[in-house]
Structures are given as structure tokens and as C-alpha cells.
Amino acid sequence: MPTFRPPPIAPSEITPPEVHAARRRFSAGMALGLLGAALPAVANQETRRRFDAVIPGRYPPLEDKPTSYKDVTTYGNFYEFGPDKDSPVRNAHRLRVRPWTVAVEGEVKTPRIFDIEDILRWAPLEERIYRFRCVEGWSAIIPWVGFPLAELIRRSEPTGNARFVEFWTLADPEQMPYVRVPFLDWPYIEALRIDEAMHPLALLAVGMYGEHMPKQNGAPLRVVVPWKYGFKGAKSIVKVRFVEQQPPTVWTKAAPDEYGFYSNVNPDVPHKRWSQSHERRLGEFFKRKTLPFNGYADQVASLYAGMDLRRNF
Ligand code: MTE
């Protein structure tokens, strides 16, 4: 993805990863006693109970073993916190995840604002173990916690004119030092066609590995679209906006010839600068073949019937 420079964060402001890791790792049993101390504002009794009651994801089952929590939480992209793969884990402790609201705007019956505590009560939390494929060639198996994104779309009451939905993510320079660096057109906005967002595989994720979403992975809520490259999954969402025309997104604005609107995982369509035919799982040495639609073709290919997916990459 992009190449860019200056680190405006003083070393003294950076929490060492081991301190972070120690803060974050707690078992379900420990959570009862320690969660309140670890995440005072977040962990009210009710959300704690909801995370204890996560139900197994209904579909589709995966045989692959989940990638380690450590790999998934220490290697990633969250450019608001810096350019390197470990920038998110080093810097995202600055993110304040409460209070948190999600505004609903555009082609909707009534614009409104949802509070995260209400959103967490909308539907039973499910564990969904999905393949994750980054456009850069790494991948993972991640046990997300969340519920269908369709729930958010439905509750937003889009009008008949709405054909696309944009996901706007937080861009606060006080918490996210790199939004002062204009190498992307902040805020990070990604978008889906409404029928893609309504597909039962598309997830509004509020956690992973049975816990609240780690800040570096997009707390308190993010989108997960497992058949698309990872960058379609906007982190730390503060607004959804319904529109009639296919909107530009952060990546189509940055490099339209490298990142398409659809960005379905497609081993036959190389990125302009590298092949997409293979991927390397975090924690593994050998590469494996990338699957069309990241292995979810049976479920989602029909969404694109009649479309030329080389042109609509
Ligand atoms: N969301 C925001 N707000 N900012 C980002 O930089 N990066 C995207 C996506 N969502 C990004 C984002 C990219 S490029 C990827 S690959 C995934 O988040 C990475 O998710 P992970 O770090 O949880 O693996």
C-alpha cells in the first residue's frame, strides 16, 4: 500500500507492545474479575455478559485453525496510527472508545445517531471464523465477534434511492496522530453496494477471540467483508451514509488504477505492482494459493452475475 514518512509521535508516548499485550490478554474467567479494572469505561455488566454469551457462528464452517491472537493483534494496517505493521499496536492505545456514536445520514428516512451501547444490544453476538486476505499478500483466520451488517442497514431505514453505503471512520488528530499527514484523504471512507452490505456473510464486528475489539483492530466496531480484500473493512466507524451513486473511496481516490471499488479477492487479477495468486498466512512460512472470493465464491458469486470482474476489480 502507500509509502510515506514522518513519525510525529514522541517515543515517550508509545506504550511498549509487551505492556499492551499484558493489558489485553485475559481469559474469560479472569475477565469477570479484571475486565472492570482493565477497561473501566467499556465494561459495564451487561456488555460483559454479552461477550460471555457469544454463540458459535452459524456459517460457513472452516477447517483451518485460527491464526494466533498475537499475530492478528500486532501486525496490521490502521494508517491513522502510522505506516508500519506494528504502528497500530504501538499507538492505538490513544483511541478513546467510549463514549462512541454512529451517525446515519444521506438517503435515509430520518438521519439519526446510534449509541454503541444500544448497537451492542441489537442482536445476539456471534463468533464468525473467517478467512482474512490483505491486498498486500498476507492472510489470517480470524474468529470475529459480531452480528450481520444487515442489522445496521435495516435499522438505518435507507430510502428506495439508496444503492450504496459509505462507512466513515474516526479522524481525530488528537487521538490519531497520522491523520495530520495527508498521504490519504482522511477520513478513511470505504463503501459497499447495499446488496453486498446486506449479504449474511458481511459482519459488523465488535470483537475478536471472544473479547472486545482490540483498539488496533478497529474498536469499538468495524466492518468485515470476508470475500473482499481487507481494506474494504473500515475500522472504528463513526458514520454510515447512504448514497445513490457509486462513491469514491479512500483507496480509489489514492490510486484508482491499483484499487477498484469492488476489490473482491481475485487470484486472476494481479495488483498493478504484484501478483495476487498466492498469500502467506501470518505465522506460516510457505505461501498458499489464494481462492476466488477468498473461498466464499459459493456464497457470494451470484452478487456479481453478469459483471466483468476484471474490469470491475
Ligand atoms: N480502517 C481504517 N480506519 N484505517 C485503515 O488504515 N486499513 C485497512 C482496513 N481498515 C484501515 C482500515 C486495511 S489496508 C486492512 S488490510 C485492514 O483494515 C487490516 O485489518 P487488521 O489490522 O485488523 O488485520
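From Cα pairs below 8 angstrom and at least 6 apart in sequence, can you work out the relative contact order of the stretch 154-200, rounded to a whole percent? Could the numbers behind the result be given before it?
Working: 37 pairs, mean separation 21.1, N = 47.
Across the stretch 154-200, relative contact order equals 45 percent.
Reachable lysines from LYS109, Cα under 27 Å, same-chain residues fewer than 8 places away excluded?
LYS232, LYS235, LYS239
Only Lys, Arg, Asp and Glu count, each charged at its Cβ (+1, +1, -1, -1), so figure out the dipole size of the stretch 190-271 about its Cα centre, rounded to 20 debye.
It works out to roughly 360 debye.
Can you sort LEU62, LEU204 from fewest to most other Cβ atoms within 10 Å of each residue's own Cβ?
LEU62, LEU204
Expressed as a rounded percentage, what relative contact order does the stretch 76-195 have, with Cα pairs under 8 Å and six or more residues apart?
So the answer I get is 24 percent.
Please report THR67, THR249 as a ranked list, fewest other C-beta atoms within 10 angstrom at the top and most at the bottom. The partial results should precede the final answer.
Working: THR67 22, THR249 25.
Ascending Cβ contact count within 10 Å gives the list THR67, THR249.
Only counting other Cβ atoms within 10 Å, I'd like TRP274, TRP100, TRP144 sorted with the fewest neighbours first. Walk me through the numbers on the way to the answer.
Working: TRP274 10, TRP100 21, TRP144 25.
In increasing order of surrounding Cβ atoms, one gets TRP274, TRP100, TRP144.
So which GluC sites (Glu not before Pro) in the stretch 52-125 end up in coil per DSSP with only 14 or fewer other C-beta atoms within 10 Å?
Here the sparse-neighbourhood loop sites are GLU63.
Laboratory data are not the source of any read-out in this text; all were calculated from the coordinates shown. Computed from a prediction, not measured in an experiment: that's the story for all the values here. Cβ coordinates were reconstructed from backbone atoms using ideal geometry, including for glycine residues, and neighbour counts include every protein chain displayed.
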